[in-house]
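These notes are about the structure you will find just below.
The values are calculated or read from the model by the stated rules, or taken from the named source; none is laboratory data. As the structure is a computational prediction, the values presented were derived from the model and not from experiment. Glycine gets a Cβ as well: all are built from the backbone with ideal geometry, and neighbour counts include every protein chain shown. The accessibility values were calculated without ligands, DNA or RNA, using every heavy atom of the protein model including side chains. Shrake-Rupley method; radii C 1.70, N 1.55, O 1.52, S 1.80 Å.
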Amino acid sequence: MFDIGFWELSLILLLALLILGPERLPGMVSTIGNWAGRAKFMARSLRMQVERELAREVEAKQGKPAEPQKDAPPKTPVQEAAEAALKAEDEALAAARDKQREVAAQAVNEDDEQRGQK
């Protein structure tokens, strides 16, 4: 795209060093690098989005169903342990809620009995 050789690049860097000075040059290079990275990311994501939409349109025109979902990759032991812990936590919370309802109902019944005796 750009035909920049070694000498052209070194001349640009030398001019940047003279214009910006050694104090601001590293910050400017970092900023330019961040901009370039963002531009690459945006171009890549745009390209992928266009490709997905074109594939959908082609599939719709041809009447083919979309690709079936691929199986999820196998889970690591850490992921399995985390899921088991979340499930156990949910079960414990449900049991605690049930017990709390039982205790509350029992307290209401005892209160009603006491009022009835008076």
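Residues in region 105-117 carry Karplus couplings, in order, of 5, 5, 5, 5, 4, 5, 5, 5, 5, 5, 5, x, 6 Hz; the curve used is 6.51 cos²θ - 1.76 cosθ + 1.60 with θ = phi - 60°, and Gly or Pro positions show x. Express the carbon and sulfur contribution to the solvent-accessible surface of the chain as a percent, rounded to the nearest whole number, probe 1.4 angstrom. On the chain, the fraction of accessible area on carbon and sulfur atoms equals 62 percent. In this structure the chain gives 96 Å² per residue of accessible area when probed at 1.4 Å with all protein chains present. Placing unit charges on the Cβ atoms of the charged side chains and taking the dipole of region 29-118 about its Cα centre, the candidate lying farthest along the positive direction among Gln106, Val78, Leu93 is Val78. The Rg/Rh ratio for the chain, using Cα coordinates for both the radius of gyration and the Kirkwood hydrodynamic radius, is 1.42.
The length gained by stretching the chain between Ala36 and Val50 to full extension, at 0.36 nm per residue less their Cα-Cα distance, is 2.9 nm. Calculated from DSSP H runs of 4 or more alone, at -39500 (n - 2.57) each and per residue, what is the 222 nm mean residue ellipticity of the chain, nearest 500? When only DSSP H runs of four or more count, the value is -31000 deg cm²/dmol. Between the Cα long axis of helix 6-62 and the first principal axis of the chain there is an angle of about 60°, rounded to the nearest 10. Counting lysine pairs in the chain that sit 8 or more residues apart in sequence, or on different chains, and whose Cα atoms lie under 27 Å apart gives 4. Projected over every direction and averaged, the convex hull enclosing the alpha-carbon atoms of region 8-51 yields 3.8 nm².
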